[in-house]
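Enquirer: One structure, as structure tokens, below. Some questions next.
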Protein chains: 2
Amino acid sequence: MRFAARVEVRLRPGIADPEGTTIERALPALGFDDVRGVRTGRSFRFQVDATDVETARRRVQALADRLLANPVIEDSELEVSLEPDSGEP
Amino acid sequence: MRFAARVEVRLRPGIADPEGTTIERALPALGFDDVRGVRTGRSFRFQVDATDVETARRRVQALADRLLANPVIEDSELEVSLEPDSGEP
């Protein structure tokens with residue numbers, strides 16, 4: 001079966017986020033004075049083949065921990081769901 | 001009221017994603033031969049003050065369209081939800 005995975009990698013709370021700070025500082029001059037707390041991250045989407053959703057989730061977690069996130073400064077958040085057009089060949 | 005917003009900015013389908021392609025090419029050698037279709041993007045999280053969720057969503061959409069995404073090559077996906085600790089002061 002094929003699963004769709006989304007991984008969002010974000011800086012841990014307390015780790016400085018210069019890009020987010022720069023965006024936030026620019027916002028009031030651009031008419032967005034109702035926005036605060038901007039934090040940036042990276043997202044990854046891909047498909048993973050696995051026999052069930054638990055196996056797929058474990059694979060995605062392993063991939064995120066080993067290759068996508070730096071666990072010293074980053075957290076990763078996963079979403080795994082069955083692909084709509086997945087199924088028996 | 002305060003709302004939590006998440007914006008995911010992704011390259012439109014058909015736009016080349018060299019970072020995703022590079023990750024995908026490296027995966028089999030690292031033991032992940034069950035993963036394909038890697039696409040990368042950027043994520044932004046922030047809080048927005050608004051009177052109701054519709055207004056908040058409009059503000060987040062405007063911010064995403066004007067400042068976060070390049071609409072020529074990128075799509076943006078929004079999530080807006082009431083902050084758990086929001087409410088009357």
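Enquirer: One decimal, nm, shortest first: give the distances between the label point of B:PRO84 and those of the same position in the other copies, each label point 7 Å from Cα along Cα→Cβ.
Expert: Result for B:PRO84, in nm, nearest copy first: 3.2.
Enquirer: Given points 7 Å out from each Cα along the Cα-Cβ axis, report the A:ASP52 to A:GLU77 separation in nanometres with one decimal.
Expert: Here the answer is 2.8 nm between the modelled labels.
Enquirer: If you find the alpha carbon centre of the range B:42-68 and of the range A:55-71, how far apart are they in angstrom?
Expert: Cα centroid of the range B:42-68 versus Cα centroid of the range A:55-71: 30 Å apart.
Enquirer: Here's a follow-up. Please state the relative contact order of the range B:2-82 as a whole percent: Cα pairs under 8 Å, 6+ residues apart? Mind dumping the intermediate values first?
Expert: Numbers: 113 pairs, mean separation 41.8, N = 81.
Relative CO of the range B:2-82 lands at 52 percent.
Enquirer: Scan chain B for the residue whose Cβ is closest to the axis carrying it onto chain A, then write down that distance in whole angstrom.
Expert: Residue of B nearest the axis onto A, distance in Å: B:SER43, 2.
Enquirer: Quick check for you: with a 1.4 Å probe and neighbouring chains kept, what is the accessible area per residue of the range A:2-82, in Å²?
Expert: Values: 4210 Å² over 81 residues.
For the range A:2-82, the per-residue accessible area is 52 Å².
Enquirer: Give the interface area between chains B and A as buried accessible surface, both sides summed, probe 1.4 Å, in Å² to the nearest 100. Numbers along the way, then the final one.
Expert: Working: alone 6520 and 6530 Å², together 10020 Å².
The contact between A and B buries close to 3000 Å².
Enquirer: Quick one: with all protein chains in place, what share of the accessible area of chain B is carbon or sulfur, to the nearest percent (1.4 Å probe)?
Expert: On the way: 2650 of 5000 Å².
The computed percentage sits at 53.
Enquirer: Here is a further query. Rg to Rh for the protein assembly as shown: what is it, with Cα atoms only and Rh by Kirkwood? Can you show the working numbers first?
Expert: On the way: Rg = 17.7 Å, Rh = 17.6 Å.
A ratio of 1.01.
Enquirer: I've got another one for you. Give me the compactness ratio for the range B:24-89, meaning the Cα radius of gyration over 2.2 N^0.38 Å.
Expert: Working: Rg = 17.7 Å, N = 66, 2.2 N^0.38 = 10.8 Å.
With N residues counted in the range B:24-89, Rg over 2.2 N^0.38 Å equals 1.64.
The values are calculated or read from the model by the stated rules, or taken from the named source; none is laboratory data. It should be emphasised that the depicted structure is a prediction, and the values quoted were computed from it without experimental measurement. For neighbour counting, all protein chains shown are included, and Cβ atoms are generated from backbone atoms with ideal geometry for every residue, glycine included. For the accessible areas, the whole protein counts, side chains as well, though only heavy atoms, and no ligand, DNA or RNA atoms are used. Shrake-Rupley method; radii C 1.70, N 1.55, O 1.52, S 1.80 Å.
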